[in-house]
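Dropping a structure here in structure tokens format, bear with me for questions.
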Amino acid sequence: MDPKERGGDDVYRATTKGLIEGIISGYNATVFAYGPTGAGKTYTMLGTDYEPGIYLRTLNDLFKCIEETSDDMEYTVSMSYLEIYNEMIRDLLNPSSGFLDLREDSKGGIQIAGITEVSTINAKEGSNSMAFKTM
Ligand SMILES: Nc1ncnc2c1ncn2[C@@H]1O[C@H](COP(=O)(O)OP(=O)(O)OP(=O)(O)O)[C@@H](O)[C@H]1O
Ligand SMILES: [Mg+2]
């Protein structure tokens, strides 16, 4: 079922949905959940089977938008999932990798050295990569 039909997408609409068009046009965008333990960061980002969180709603809309965009454009979508806690960065797709460093790449962009990036060709595959990630 389309996540939007299940309700609970008001946070996604208010914070994230409007960014998709900009991403497709080549702009950067960041949405992050911030707050104390138990505030609902994980719930908001991952959601449940019944009420998908921001990441799955984003993937769905992103791939829909890519499909609707003209054929002479090519997009690659990859996903990472990380936590910043006490200014330390942890890769939540590979929690045993310890704390990761922020580095500047040769083009002056900021990178997280060694973070897992999972390529995905559709929202379903992306969703499978994130399955069982609960931190
Ligand atoms: N909007 C919501 N509706 C129903 N339950 C919620 C909601 N937000 C959070 N919860 C529940 O509250 C509990 C704490 O939420 P969550 O695990 O998302 O917090 P967190 O901010 O990720 O905490 P931590 O910093 O410890 O990882 C969970 O059991 C979650 O299912
Ligand atoms: Mg959490």
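The values are calculated or read from the model by the stated rules, or taken from the named source; none is laboratory data. If you're wondering where the values come from, they're calculated on a predicted model, not measured in any experiment. Note: ideal-geometry Cβ built from the backbone for every residue, glycine included; neighbour counts use all protein chains shown. Please note that ligands, DNA and RNA were not included when accessible areas were found on the heavy atoms of the full protein model with its side chains. Shrake-Rupley method; radii C 1.70, N 1.55, O 1.52, S 1.80 Å.
Note down the Stokes-Einstein diffusion coefficient of the chain in µm²/s, whole number, using a Kirkwood radius over alpha carbon pairs, 20 °C, and 1.002 mPa s.
Values: Rh = 16.2 Å.
Stokes-Einstein gives a translational diffusion coefficient of 132 µm²/s.
Using the Cα gyration tensor of segment 1-71, with a ≥ b ≥ c the square roots of its eigenvalues, what is the shape: rounded (a/c below 1.5), prolate (a/b larger than b/c) or oblate (neither)?
On the way: a/c = 2.76, a/b = 1.47, b/c = 1.88.
Cα axes put segment 1-71 in the oblate bin.
Assign unit charges at the C-beta atoms only (+1 for Lys and Arg, -1 for Asp and Glu), then state the dipole size of segment 1-71 relative to its Cα centre in Debye, rounded to the nearest 20.
Working: 7 positive and 11 negative charges, 68 e Å.
Rounded to the nearest 20 debye, it is 320 debye.
A follow-up question, please. Given charges of +1 on the Cβ of Lys and Arg and -1 on the Cβ of Asp and Glu, with all other atoms neutral, how large is the dipole of the chain about its Cα centre, in debye to the nearest 20? Working shown, then result.
Numbers: 12 positive and 21 negative charges, 91 e Å.
I would put it at about 440 debye.
Can you compute the modelled spin-label distance between Ile24 and Asn94, with each label point 7 Å from Cα toward Cβ, in nm?
With each label point 7 Å from Cα toward Cβ, the separation is 3.2 nm.
Also: Can you give the helix-only mean residue ellipticity at 222 nm for the chain, where every DSSP H stretch with n ≥ 4 adds -39500 (n - 2.57) and the sum goes over all residues, rounded to the nearest 500 deg cm²/dmol? Please list the in-between numbers first.
Details: 5 runs with 40 residues, N = 135.
About -8000 deg cm²/dmol.
Something else now. From Cα pairs below 8 angstrom and at least 6 apart in sequence, can you work out the relative contact order of the chain, rounded to a whole percent? Walk me through the intermediate numbers first.
Numbers: 139 pairs, mean separation 26.3, N = 135.
Relative contact order, the chain: 19 percent.
Please compute the per residue accessible area over the chain with all protein chains in place, 1.4 Å probe, rounded to a whole number of Å². Let's see the in-between values first.
Details: 9500 Å² over 135 residues.
Counting only protein heavy atoms, the per-residue value for the chain is 70 Å².
Something else now. Putting +1 on Lys and Arg Cβ atoms and -1 on Asp and Glu Cβ atoms, find which of Gly53, Phe32, Thr16 reaches farthest to the positive end of the dipole of segment 1-71.
Farthest towards the positive end: Phe32.
What part of the accessible area of segment 1-134, given as a whole %, is carbon or sulfur when the probe is 1.4 angstrom?
Numbers: 4840 of 9400 Å².
Within segment 1-134, the accessible surface is 51 percent carbon and sulfur.
Could you order Tyr50, Tyr43 so the one with the most accessible surface comes first? Probe is 1.4 Å. Spell out each step's value before the answer.
Working: Tyr50 160, Tyr43 135 Å².
Order by accessible area, largest first: Tyr50, Tyr43.
Can you give me the distance in nm between label points at Met73 and Ala39, each placed 7 Å from the Cα along the Cα-to-Cβ direction?
Taking the simple label geometry, Met73 and Ala39 are separated by 3.3 nm.
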